[in-house]
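Here is the structure we will look at, set down as structure tokens.
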Amino acid sequence: MENVLSSIPEQGSLIKGRQVLLTFIIWIVSSAVIGIATYAALRTFAPLWATTDGPTVVIVAEVYFLFLASVFVVFGGWVGLGDKLHFRYTSSGDLLLALGVYVITLGAGVLLYWMLSPVLGPLPQTLFQILQNASDMSRLAAADPIMWFFIIVRACLLAPLMEELLFRGLLFSWLRPHVSAWLTIFLTAIAFMSIHYYPILFPFALVFGLVAGWIRERTGSSLPMVVAHVANSVLFLTTAYVVVTR
């Protein structure tokens, strides 16, 4: 079964547990320090703006960026990301595969929520709740240009990069040499699902995580799902904008 699942064996230097731990330590400490400093600076120099959602939007974007900075430092820059986190271009076919499978995943997600409608409620209502919780929909109507900048950068660039490099890069590459492909895909999908906080998002996040893990194993790269994840974020943010401005 594993030979059917994977066409490209795992290559590159192994990731050590202490490197994973060091990445998280640097990320958490730097996020705490810079987040507190940012909030204090905004309260001092932009007190009115600090009473809006602006500081939250900025600090969340910083947290995403600081994870990327942490793996960049721990693994030695672009070469290390390519060698150990498998963040590298393989082929245009792999990118198209990821995008095509993502489209199928969207349809499968809608079907799954329809099947769960006896528990979750009517499908249109459920999809609206998903859109609310999966985007910055509640902030868009009142967002100023600065907030819009950070919302777009965080949602459409930093979040896809951070989440894919964390789950399909760091954790997948660390686990894969030690356990089977199926178990690695399942564990990283569960971890990916768990960070989405709102239970209404769990079914789609789990399906997305399983598909993303399969693409990672199939292509030997964490890059294709970054592209698909960007497409997902752009779709959700654009739809949220249309809904709040119609």
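Worth a mention:
- Taken along the Cα-to-beta-carbon direction at a fixed 7 Å, the label points for Leu183 and Ala32 span 3.3 nm.
- Couplings for region 173-178, taken from phi via the Karplus curve 6.51 cos²θ - 1.76 cosθ + 1.60 with θ = phi - 60°, read 5, 6, 6, 4, x, 9 Hz in order; Gly and Pro are left as x.
- Length added when fully stretched, Phe149-Tyr197, from 0.36 nm per residue minus Cα-Cα: 14.9 nm
- 11 Å cut-off, amide nitrogen to a point 7 angstrom out along Ser91 Cα→Cβ, residues in region 205-246: 219
- Residue-by-residue Karplus 3J(HN,Hα) for region 131-136, coefficients 6.51, -1.76, 1.60, Hz, glycine and proline x: 4, 4, 7, 9, 9, 8
- Computed from backbone phi with θ = phi - 60° and the Karplus coefficients 6.51, -1.76 and 1.60, the 3J(HN,Hα) list for region 23-31 is 4, 5, 5, 4, 4, 5, 5, 5, 5 Hz; x is used for glycine and proline.
- Leading residue at positive end of dipole, the chain (Cβ point charges), from Trp148, Trp27, His229: Trp27
- The chain: relative contact order as a whole-number percent, Cα under 8 Å and 6+ apart: 32
- Calculated FRET efficiency, Ala46 to Phe24, Cβ-Cβ distance, R0 = 35 Å: about 0.65 to the nearest 0.05.
- With neighbour counts taken as other beta-carbon atoms within 10 Å, the residues Arg176, Arg218, Arg246 rank, fewest first, as Arg246, Arg218, Arg176.
- Sites Val242 and Val119 - FRET efficiency at Förster radius 30 Å, r taken between beta-carbons, to 0.05: 0.60
- Fewest-first ordering of Phe45, Phe128, Phe87 by other beta carbons within 10 Å of each residue's beta carbon gives Phe45, Phe128, Phe87.
- Farthest toward positive dipole pole in the chain [+1 Lys/Arg, -1 Asp/Glu at C-beta], among Ala46, Pro122, Val110: Ala46
- About its Cα centre, region 13-245 has a charge dipole of approximately 460 debye under the convention of +1 per Lys or Arg Cβ and -1 per Asp or Glu Cβ, with nothing else charged.
- Counting neighbouring Cβ atoms within 10 Å and putting the fewest first, the residues Leu96, Leu68, Leu161 line up as Leu96, Leu68, Leu161.
Values quoted throughout were computed directly from the atomic coordinates according to the rules given, and no laboratory measurement underlies them. Just so it is clear, the model here is predicted, and its values are computed rather than measured. In this analysis, Cβ positions are derived from the backbone assuming ideal geometry, glycine residues included, and neighbour counts consider all displayed protein chains.
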